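A quick write-up on the structure given underneath.
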Amino acid sequence: MGLTDSLKNLFGSKKEEKPIENPLYEAQLKKILEDVFLEGYSYTISFSKLKSYKELKSKEATFKKEFVQYLAEKRVFLLKKSSSRPLSNIESNKRHICGELLTALLRSNLEYTPVEFAKLMDFFEHSSTTQKNRIHFSDWPIGFAAQQIQKSVKKNGLSPEWKAYIEKFLAFPAMKIKNNYIGADLDKVETKLKNLLFEGQNTTGKTLPYTHIDDQFGKMFNPEIIAMEENLRNHFYELCHLLTKATSSKPSQRFLKNTSNIIDKISIIKYKAIVHPLLEHVIQLKQIETVIRETYAGQIYEYPHHEFVQEKSTIFLKGLVWSLVKFHDTVTLNLIAKLAERCYKKIPGVGPAAAGIGNACIYVLANTKGLEGISHLSRLKLKFKQNNTRKLIEKYIEEASIKLGISSSEIEELSIPTFGLENGAKTYAFDDYTLEISIQELGKINQVWRKADGKTQKTTPSFVKSSVKHTTKLKKAKNDVTQIKKYLTAQRDRIDRVYLENRIWTYENFKKYYLNHGLVCFIAKRLLWQFKKEDTFVTALYLNNQWTTQEDTVLDWIIDETEVRLWHPIYETSEGVLFWRTKLETIELKQPLKQAYREVYILTDAEIDTRTYSNRMAAHILKQHQFNALTGVRGWKYALIGAFDGGYDGGVAKIHVKAHHIEAQFWINTLNAEDEYNDTGIWNYVATDQVRFIKDQEVMDLLDVPKLVLSEILRDVDLFVGVCSVGNDPQWRDNGGLPQYTDYWTSYSFGNLNELAKTRKEILEKLLPRLIISKVATIDGKFLRVKGTKRTYKIHIGSSNILMEPNDQYLCIVPERGKDKNTNNIFLPFEGDRGLSLVLSKAFLLAADDKITDKTILSQIKK
């Protein structure tokens with residue numbers, strides 16, 4: 001009985017029949033089975049070591065092809081049998097060994113004819129038409145089987161018989177089922193076979209056409225490639241077939257060489273002109289939400305499915321990004337950095353939109369020539385919240401630093417672009433006009449058009465809009481402004497973390513990377529620095545182009561070798577801290593980060609008693625997703641916990657303080673709140689616990705933790721609680737919250753002030769006398785008390801939540817996004833305290849409560 005007859009019985013007849021045993025082939029299989037078990041059976045079998053397999057390999061091709069037929073029948077029979085009842089261990093092992101042996105033989109050249117190969121593959125016609133007990137391509141080494149066609153055609157040419165069979169093979173219904181794990185292999189098989197047909201048509205100099213799948217990207221890409229002139233299109237077809245193979249985590253050198261050669265044929269300028277708009281298109285894509293319906297046990301279930309691009313497009317675009325590693329121009333690198341940001345943007349319930357493409361972007365930025373790519377990575381490291389992504393970026397930065405023989409911190413400083421700025425300003429020439437840009441504050445760049453006579457003009461000159469040359473230059477200037485904003489914020493965040501790095505600079509390097517750097521100087525000149533003289537550090541501020549001390553003396557003794565460090569209030573006396581705060585307020589110098597008003601955390605008596613842990617931030621209820629995001633921003637690592645896989649046991653947020661070889665830990669517990677998790681099983685709320693410090697795998701005594709490290713870690717933890725506590729949400733209680741924890745919300749919303757809030761109170765005490773609401777607003781303990789025309793209000797300085805007198809009725813006001821016009825022009829001594837802005841914004845609103853038009857607020861005030 002042949003293979004076809006056997007399979008007709010397997011798929012068609014009711015009575016199950018065994019395939020007819022061939023003594024010759026059975027004996028050959030028996031020898032191999034014995035050798036396999038003698039060597040020690042495992043899932044991965046090395047047949048090349050077996051004497052019986054060597055004997056089989058030495059036999060004629062006819063015998064091996066017939067033996068392959070026999071193995072196919074054997075494996076198919078066992079697969080069929082396993083669908084009706086569990087196989088014994090012996091049968092299961094036999095099925096596995098038959099499959100592995102089949103694969104090994106198909107790797108070699110068996111010189112199949114079309115008739116012989118059709119006989120071997122015939123059962124697939126049954127698998128595609130028989131619903132019951134169907135055998136899929138995933139049960140067969142389809143890739144190696146298709147290689148037999150390639151080898152025969154390569155040797156003997158594409159005969160009419162082979163052509164007819166390939167067309168029949170491509171039409172198999174089983175070739176269309178690509179929604180399982182084997183789908184990518186079927187794509188490769190399909191491409192190889194189509195290429196054989198294409199090459200057989202004697203199309204010399206042409207490449208097999210390529211059509212991308214019809215997803216969001218394909219809808220844009222396919223018309224673009226069809227519209228190309230023939231020679232360019234052929235080169236792109238060649239490239240496209242390479243890009244579909246970008247399935248690994250990194251590109252091989254062969255891949256990079258082959259793509260580079262094709263790009264050279266296209267020309268670099270033309271390639272960029274085509275690829276840049278493609279990537280811009282991907283950056284602008286939105287994720288698509290569809291509803292998936294599945295039936296289980298007679299019940300229909302629906303769930304949302306979000307998709308950015310399909311898997312095939314992810315692979316293709318990953319390869320396309322890899323191909324750009326040979327470029328190191330600013331436009332390309334900016335585009336890749338933007339694409340990385342888009343790909344790591346999270347889709348609800350899914351995660352990053354396209355992490356594979358994002359990782360490819362990181363690879364290119366890390367491996368491009370020069371340091372501009374590293375500069376982008378340094379900025380992106382501060383922006384991305386995913387732990388594994390940040391770890392990957394840190395790895396690339398560390399590798400680059402080792403190559404240059406400097407620290408990772410130094411390479412980040414070295415790679416920061418100036419954008420042509422001098423002292424935070426730059427001028428672009430447009431004939432007799434100039435465009436002047438200058439940094440005013442974080443996130444705000446002044447742009448002024450100036451005429452030849454020196455007068456300013458508000459709008460862009462008309463001749464600039466009508467000139468291609470000037471329009472291109474203006475586009476570059478606008479892009480520079482966008483990048484300057486991004487980098488300035490990133491440098492602020494980087495410098496804010498310098499405290500944990502224990503950095504000391506020579507004045508020579510300090511001038512290069514900070515004081516005289518066109519971009520960073522804006523931040524550096526607004527901060528306090530300390531300069532070492534003999535055994536002490538002297539504090540100074542950069543005023544009138546010179547370093548001025550508390551005693552109003554100038555540091556004229558600084559030389560290139562002088563050591564410099566960033567000032568921290570923990571280094572200063574109370575009088576010194578007060579002096580610098582007053583000085584900055586007097587000259588109205590707004591610091592880009594909280595430095596002079598930075599909170600200092602020292603050990604309490606309770607912490608000295610507990611010795612190894614701090615409980616000062618314990619027993620708070622946090623919004624877990626907000627907490628997870630903020631820990632990422634501050635450089636901590638945390639994994640969301642849920643109602644699965646031990647999620648009931650809690651988790652730990654941690655940060656490695658590399659300079660001191662210390663790991664700080666903030667313990668997190670789950671709440672006693674059933675059903676308070678989202679669709680993916682992640683808890684919405686968590687509870688805080690103790691803070692610990694680990695060194696050399698041992699828990700440290702808190703007295704042994706460096707004071708600066710202790711202060712900065714506890715400041716971070718205080719920030720996590722201050723921002724993420726449910727007590728900060730004015731709607732949490734009214735929206736249901738967790739009824740059993742209402743008391744916590746009340747106690748936090750209107751309880752004692754933490755260190756952050758105490759600092760806020762100090763600023764308000766100095767600020768109030770200068771405000772127009774000073775006659776109706778006073779500090780009353782932990783509240784800012786505001787007397788309106790209708791009622792008197794108490795705004796909690798910590799949470800910004802509000803109580804109304806005389807009965808302490810709660811007033812819910814949800815803050816609007818963006819800046820408040822009432823507080824926009826108020827001088828604040830530092831950037832970044834949204835809580836302070838909220839308190840002031842609500843105070844201005846309630847002081848004039850007779851002008852409030854919001855019905856929701858009015859209905860509460862009238863009660």
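The values are calculated or read from the model by the stated rules, or taken from the named source; none is laboratory data. No experiment lies behind these values; they were computed from the predicted model shown. Note that we place each Cβ from the backbone using ideal geometry, even for glycine, and neighbour counts take in every protein chain shown. Heavy atoms of the whole protein, side chains included, go into the accessibility calculation; ligands, DNA and RNA do not. Shrake-Rupley method; radii C 1.70, N 1.55, O 1.52, S 1.80 Å.
The table that follows gives values for the structure above.
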read-out	value
Cross-chain or 6+ apart pairs with Cβ under 8 Å, the range 655-683 first and closer than 16 Å to ILE641 by Cα, then hydroxyl-bearing (Ser, Thr, Tyr) and open to solvent by less than 20 Å² (accessible area, probe 1.4 Å)	PHE666/THR688; TRP667/THR688; ILE668/TYR638; ILE668/THR688; ASN669/THR688
The lone exception for ASP743 - which of (1) in contact (Cβ under 8 Å) with a residue 24 or more places away in the chain; (2) more than 24 Å from GLU599 (Cβ to Cβ); (3) part of a helix (DSSP H, G or I) it fails	(1)
Per-region count, the range 104-122, residues over 46 Å from the mean Cα position of the chain (by Cα) and either of a type outside the set (D, E, K, R) or not in a helix (DSSP H, G or I) (or both)	10
Members of the range 358-407 found to be modelled with pLDDT of 90 or more, under 11 Å from the mean Cα position of the chain (by Cα) and open to solvent by 20 Å² or more (accessible area, probe 1.4 Å), listed by number	ASN359, LEU392
Residue count, the range 736-750 (criterion: open to solvent by less than 40 Å² (accessible area, probe 1.4 Å) and of a type in the set (Ser, Thr, Tyr))	3
Residues that are open to solvent by 20 Å² or more (accessible area, probe 1.4 Å), of a type in the set (A, V, I, L, M, F, W, C) and more than 42 Å from the chain's Cα centre (by Cα), drawn from the range 772-819	ILE772, VAL776, ILE779
Residues of the range 764-800 satisfying the condition of being within 15 Å of GLY727 (Cβ to Cβ), in a loop (DSSP other than H, G, I, E, B) and at pLDDT 90 or above	LYS782, ILE797
Every pair of residues 6+ apart whose Cβ atoms lie under 8 Å, when the first sits in the range 34-59 and is of a type in the set (Lys, Arg) while the second is surrounded by 11 or more Cβ atoms within 10 Å (Cβ to Cβ) and in a loop (DSSP other than H, G, I, E, B)	LYS57/SER108
Residue satisfying all of: in the range 699-740; part of a helix (DSSP H, G or I) and without any contact (Cβ under 8 Å) to a residue 40 or more places away in the chain; farthest from GLY632 (Cα to Cα) among these	PRO739
Candidate set from the range 142-151 (those that are open to solvent by 10 Å² or more (accessible area, probe 1.4 Å) and farther than 9 Å from LYS192 by Cβ); member that is modelled with the highest pLDDT	LYS151
Test: residue in the range 236-251 that is loosely packed, with under 13 Cβ neighbours inside 10 Å, of a type outside the set (Lys, Arg) and assigned to a helix (DSSP H, G or I)	no
The one condition in (1) open to solvent by less than 20 Å² (accessible area, probe 1.4 Å); (2) touching a His at 6+ places or on another chain (Cβ under 7 Å) that TYR271 fails to fulfil	(2)
Any chance PHE316 is in contact with a Cys (Cβ under 8 Å, 6 or more places away or on another chain) and either open to solvent by less than 100 Å² (accessible area, probe 1.4 Å) or free of Cβ contacts under 8 Å to residues at least 12 places away in the same chain (or both)	yes
Subset of the range 446-475 [in a strand (DSSP E or B) and either touching a His at 6+ places or on another chain (Cβ under 7 Å) or surrounded by 10 or more Cβ atoms within 10 Å (Cβ to Cβ) (or both)]	ASN446, GLN447, VAL448, TRP449, ARG450, GLN457
Candidate set from the range 820-863 (those that are outside any loop (DSSP other than H, G, I, E, B) and at pLDDT below 85); member that is surrounded by the fewest Cβ atoms within 10 Å (Cβ to Cβ)	LYS862
Tally of residues being open to solvent by 10 Å² or more (accessible area, probe 1.4 Å), more than 30 Å from the chain's Cα centre (by Cα) and hydrophobic (A, V, I, L, M, F, W, C) across the range 704-735	1
Residue check for LYS478: open to solvent by 40 Å² or more (accessible area, probe 1.4 Å), under 34 Å from the mean Cα position of the chain (by Cα) and free of Cβ contacts under 8 Å to residues at least 24 places away in the same chain	yes
Residue pairs meeting the criteria (Cβ under 8 Å; at least 6 apart or on separate chains; first in contact (Cβ under 8 Å) with a residue 40 or more places away in the chain and within 14 Å of PHE63 (Cα to Cα), in the range 97-108; second open to solvent by 10 Å² or more (accessible area, probe 1.4 Å) and among the basic types (Lys, Arg))	LEU105/LYS64; SER108/LYS57; SER108/LYS64
Within the range 274-295, considering residues that are free of Cβ contacts under 8 Å to residues at least 40 places away in the same chain and open to solvent by less than 70 Å² (accessible area, probe 1.4 Å), the one farthest from ASN367 (Cα to Cα)	ILE292
Residue count for the range 659-707, restricted to those that are among the charged types (D, E, K, R), out of contact with any helix residue (DSSP H, G or I) (no Cβ under 7 Å at 6 or more places or on another chain) and closer than 30 Å to ILE504 by Cα	7
Odd one out for VAL321 among (1) open to solvent by less than 80 Å² (accessible area, probe 1.4 Å); (2) out of contact with any Cys (no Cβ under 8 Å at 6 or more places or on another chain); (3) assigned to a helix (DSSP H, G or I); (4) not small (Gly, Ala, Ser)	(2)
Criterion: more than 27 Å from LYS345 (Cβ to Cβ) and free of Cβ contacts under 8 Å to residues at least 12 places away in the same chain - qualifying residue of LYS219, LYS206, LYS257	LYS257
Selection status of ALA490, buried (at least 19 other Cβ atoms within 10 Å of the Cβ), within 33 Å of the chain's Cα centre (by Cα), over 19 Å from THR759 (Cβ atoms) and small (Gly, Ala, Ser)	yes
Any hit, the range 289-304, residues being within 17 Å of the chain's Cα centre (by Cα) and either part of a helix (DSSP H, G or I) or not basic (Lys, Arg) (or both)	no
Residue in the range 425-445 that is more than 30 Å from LYS511 (Cα to Cα), open to solvent by less than 40 Å² (accessible area, probe 1.4 Å) and not polar (S, T, N, Q) present	yes
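For (1) open to solvent by less than 60 Å² (accessible area, probe 1.4 Å); (2) in a helix (DSSP H, G or I); (3) of a type in the set (D, E, K, R); (4) touching a Gly at 6+ places or on another chain (Cβ under 6 Å), each residue gets a yes or a no:
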residue: ARG598; (1), (2), (3), (4): yes, no, yes, no
residue: GLU607; (1), (2), (3), (4): yes, yes, yes, no
residue: LEU630; (1), (2), (3), (4): yes, yes, no, no
residue: GLU663; (1), (2), (3), (4): yes, no, yes, no
residue: THR680; (1), (2), (3), (4): no, no, no, yes
